[in-house]
1. Calculated from DSSP H runs of 4 or more alone, at -39500 (n - 2.57) each and per residue, what is the 222 nm mean residue ellipticity of the chain, nearest 500?
2. Rank V122, N243, C144 by how far each Cα sits towards the positive end of the charge dipole of the chain (+1 on Lys, Arg Cβ; -1 on Asp, Glu Cβ) and give me just the farthest.
3. Quantify how much of the Cα-Cα distance distribution of region 44-113 extends past 17 Å, in percent.
4. Two-decimal Rg/Rh of region 1-146 from alpha-carbon positions, Kirkwood Rh?
5. R0 = 41 Å: FRET efficiency of Q175 with E238, Cβ-based, nearest 0.05?
6. Where Rh is the Kirkwood radius over the Cα pairs of region 143-188, the temperature 20 °C and the viscosity 1.002 mPa s, what D in µm²/s does Stokes-Einstein return?
7. In whole Å, what are the Cα extents of region 202-277 along the three principal axes, biggest one first?
8. If packing is taken as the average number of other Cβ atoms within 10 Å across a peptide's residues, how do 233-240, 173-180, 160-167 rank, most packed first?
Amino acid sequence: MKLNLKRPLAFFDLETTGVNVASDRIVEISILKAMPDGTEDVKTLRINPGIPIPLESSLIHGIYDEDIRHERTFKQAGEELARFLDDCDLAGYNSNRFDIPVLMEEFLRAGIDFDIENRHFVDVQNIFHQMEQRTLKAAYQFYCGKDIENAHSAEADIKATYEVLKAQIERYENQSWEDKKGIVSMPVQNNIESLHAFTNLNKPVDFAARMVYNEDGIEIINFGKHKGRPVEDVFQSEPSYYNWMMNGDFPLFTKRCLEKIWNRFNAKKEQLKTDRQNASAAQSSVQSSPQKPKEEAKPITNDHLEQLKMKFGK
């Protein structure tokens, strides 16, 4: 079908250094401009963000530092983008919460006047979530074809949840699924290990996901200025960060997990210190131990020769 448009509608998507709207930067922007006459115009630009791209982000979108080293910065490419988006309404998937705010941060940071006062914003994700509600009641109706009796009572809800899981396994078992990296698998299986892995894709260390595991199973910070850095590396470079989190407004379980990593970090430091001290002590012992004086060689006498003849039978 053809969209009923009064002016161009620009669908756009960003690849970025991370998900922090205030501090992360664009590394790629792709725009499909749908025109009122039904024609389309597509523009894709890679951008040098001016900061390193964390490995965790590169593994998702496939763009590494060396790929954008010689590309223009947003300040250099921004005027071109502003002209391309002139008089356009904006659309995207989760664009109201992420793409548009990030784009505006970049325009403001570059000192480029990009007026959004009289534009319309269409977020396709919001249509999806509001028309296909993600509630237990909606899931029970969708998967089981029934309405929950006594909805919102604890017992009715957990019984419905149990039935929904069984219905999901029946529906999706052995159905292929592709992740953000393009890896295809069959994640919904009738075993708890597979279901656990599929429902914890971001591999959280704590339930609030303030820390997550990277591909190597190492805990990394998942928010703020240290996002993407191993927790122990942060402890090494900024020990006060531990105290800041422990005294901050974080969940108790997050603090418990952080404390466990902190204790392990300090135990490793103490062990390393002990190993160095032991190595140093051993080296000092070798250097200070008295050397046994060498015996001077004695001249061979006739008695020595006679003893050798008797010993070897010659």
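1. Values: 12 runs with 138 residues, N = 314.
Mean residue ellipticity at 222 nm (helix-derived): -13500 deg cm²/dmol.
2. N243
3. Tail of the P(r) past 17 Å holds 52 percent of the pairs.
4. Details: Rg = 17.5 Å, Rh = 16.8 Å.
Ratio value, two decimals: 1.04.
5. On the way: r = 45 Å, r/R0 = 1.11.
Given R0 = 41 Å and the Cβ-Cβ separation, E is 0.35.
6. Working: Rh = 12.4 Å.
So the translational diffusion coefficient is about 174 µm²/s.
7. 40, 29, 21
8. Peptide ranking by packing, descending: 160-167, 233-240, 173-180.
Each reported figure results from applying straightforward, stated rules to the coordinates on display, with no laboratory input. Values in this document were obtained by computation on a predicted structure and should not be read as measured data. Note that we place each Cβ from the backbone using ideal geometry, even for glycine, and neighbour counts take in every protein chain shown.
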